[in-house]
Amino acid sequence: MRRADVDYGSDGSGASELSDDDSYDYGGVDDTRLRFRFMVEQGSLLLREGERVVDLLEAYSLVSTPSYGCSWNNYQVYSYLKKLGYIVGRHNVPWTVSKKRPPMPADEVESITSQFAAVKTSEGTQETNTACSQLVDSKSAPGFEVNTELQGSESSSEMKLMYDVHLPNARFKKSNPGLPAFSLCTTSSRPPHRLQVRALALSLEGRPLKFASVVSDHVSIYSFDTIELPNLP
Amino acid sequence: MKLGVRWKSREAAAVALEEPISSLYKELREWKSVEGLLVHSSVILSIDFAKAQILNRACFGKPIYCATSPQDSVPTTATRAPRLLEVNAELEDVRMFQLGLEEAFFLTSELECICICRQIPEGRVVLSKEEVWRCMQASKPEFGQLYIAYAHLRAKQWVVRSGIQYGADFMAYRHHPALVHSDYAVIVMVEGHEERMKTWTEMQAMNRLCGSVAKTLLLIHFIPKREGIDLSSPLCQGDFVVEAVEVRRWLPEKSREESDASVKPVLNFAIS
């Protein structure tokens with residue numbers, strides 16, 4: 001994957017999302033690609049490859065390339081929420097990587113990466129629950145370098161936690177984002193099975209979970225929450 | 001998540017609180033085996049005014065308006081057929097009531113206030129619970145799974161009615177539909193044999209329909225506890241775990257404020 005050399009756009013439109021804090025390093029942060037494509041679309045970023053400016057069409061094709069969890073549908077969900085003012089980040093990927101903090105040991109990164117990539121929400125097998133609980137135990141702490149190389153050949157039909165969404169907030173700080181309002185899972189052409197919902201909900205330990213469906217250009221977001229019906233008088 | 005009851009008016013709330021569903025169940029339990037006639041997909045009762053009132057208030061079945069119905073019971077919009085027969089004055093008090101299969105089985109099995117019989121050439125014969133279950137299953141293949149969902153809700157004192165008008169299996173109310181707006185449109189899903197809600201289009205359609213009538217879509221999942229469950233016996237009820245899932249569409253355009261309840265974490269995660 002070629003590295004994007006970023007130019008902060010000469011048209012001056014829109015606010016840049018990138019902070020001026022020089023302790024940030026974007027080289028290893030996974031959702032940067034998504035943000036860059038969005039900013040190209042909004043006209044607030046010019047993407048160059050060497051001397052050449054990457055045009056919008058090419059940027060769209062880049063974001064649809066199935067690597068690092070990207071896909072056109074996932075991008076549409078991201079774009080839809082961003083345009084409404086929500087703050088959207090990749091699930092379990094820190095907003096910043098501070099140079100001040102020491103990087104995580106390579107074997108620990110590899111362990112988390114392989115567990116993350118291995119979470120396939122299949123039809124409610126025990127393995128799914130085990131993988132989810134392992135993920136819960138080895139949750140990524142802020143401040144380490146994450147090069148989560150998500151499987152490049154992941155098909156868009158797999159159901160996985162894709163984004164953490166925060167409500168619109170002018171005082172949002174990447175260094176201290178707080179808990180997201182909910183985590184969002186992108187889905188295939190079918191609604192999630194009960195066991196898939198359960199496995200994903202377990203991995204979030206009760207934090208809100210929603211599912212996005214994309215049909216053509218129409219994005220709908222649903223929740224499938226198990227409830228205990230009350231005994232009435 | 002909405003927790004409050006949506007009464008139709010303050011007076012409605014007062015009436016409902018004065019007579020909770022559990023008190024109506026108690027009254028029904030005191031009946032001495034009223035006979036109900038199984039006619040394919042319904043059970044017909046011939047009962048007096050007082051019993052008809054209780055069934056109406058507890059929302060079981062509906063009255064059948066016929067030539068022998070007392071004057072006061074016929075709704076004003078119904079046309080009254082001229083009587084061809086002399087009607088005995090005593091029969092003036094008799095009301096004909098029609099129950100659905102699930103309603104009838106619940107009344108006979110859980111509240112034990114009616115017994116169901118069938119007409120045969122020799123006369124009427126009372127059926128056992130197993131026989132009733134088998135007959136009902138024969139006339140309606142999905143009866144077993146629908147009944148389990150029905151009984152699950154009724155046991156919690158929810159009022160359950162047919163959901164056919166909304167394309168659902170049932171509608172669930174917190175009390176009589178005349179007093180309260182329905183909370184849920186219920187669809188039954190049997191694990192491994194789901195026939196509905198398989199595509200986003202259908203999910204969207206049901207949600208849209210529910211939203212336009214201010215109800216929430218509720219999926220009731222049956223998870224079999226073991227392989228090879230025999231649905232031809234009423235004992236199969238104990239072989240399923242029942243789980244209720246609320247399906248809600250989240251509208252980001254309307255949920256930008258911090259205080260919006262739709263993004264609050266869900267507190268329940270339990271199997272009943």
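Each reported figure results from applying straightforward, stated rules to the coordinates on display, with no laboratory input. The structure presented is a predicted model; accordingly, all values stated were derived computationally and were not measured. Ideal geometry is used to build each Cβ from the backbone, glycine not excepted, and the neighbour counts take in all protein chains shown.
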Name the residues whose placed amide hydrogens come within less than 5 Å of the amide hydrogen of B:G36, ignoring near sequence neighbours (fewer than 5 apart) on the same chain. B:C115, B:I116, B:C117
So, how do all the Cα-to-Cα distances of segment A:168-227 break down into 5 Å bins, in percent, from 0 on up? 4, 15, 26, 18, 15, 13, 8, 1
Using modelled amide H (1.01 Å from N, peptide plane; none on Pro or chain starts), what sits under 5 Å from the amide H of B:A168, excluding residues fewer than 5 places away? none
Whole-Å semi-axes of segment B:12-268's equivalent ellipsoid, largest first, each the root of 5 times a Cα gyration tensor eigenvalue? 36, 24, 17
Rounded to 5, percent antiparallel among DSSP beta bridges of segment B:12-268: 75
Apply the Karplus parameterisation 6.51 cos²θ - 1.76 cosθ + 1.60, with θ equal to phi minus 60°, to every residue of segment B:41-51 and state each ³J(HN,Hα) to the nearest whole Hz, in sequence, with x for glycine and proline. 10, 8, 10, 9, 10, 10, 9, 7, 4, 4, 5
Can you compute 3J(HN,Hα) from phi for each residue in segment B:131-136, using the Karplus curve 6.51 cos²θ - 1.76 cosθ + 1.60 with θ = phi - 60°, rounded to whole Hz and x for Gly and Pro? 5, 4, 4, 5, 5, 5
Any of B:K32/B:K140; B:K62/B:K198; B:K62/B:K140; B:K225/B:K254; B:K62/B:K129 with alpha carbons more than 31 Å apart? Name them for me. B:K62/B:K198; B:K225/B:K254
Proxy exposure order for B:H221, B:H176 (fewest C-beta within 10 Å first) is B:H176, B:H221
Point-to-point label distance, B:E122-A:V215, nm (Cα→Cβ direction, 7 Å offset): 5.7
Rounded to one decimal in nm, the spacing of the 7 Å Cα→Cβ label points at B:I44 and B:L251 is 4.8
Which whole-Hz couplings ³J(HN,Hα) result when phi for each residue of segment B:155-172 is put into the Karplus expression 6.51 cos²θ - 1.76 cosθ + 1.60, θ = phi - 60°, listed in order with x for Gly and Pro? 5, 8, 6, 7, 8, 10, 10, 5, x, 4, 5, 10, x, 10, 6, 9, 10, 10
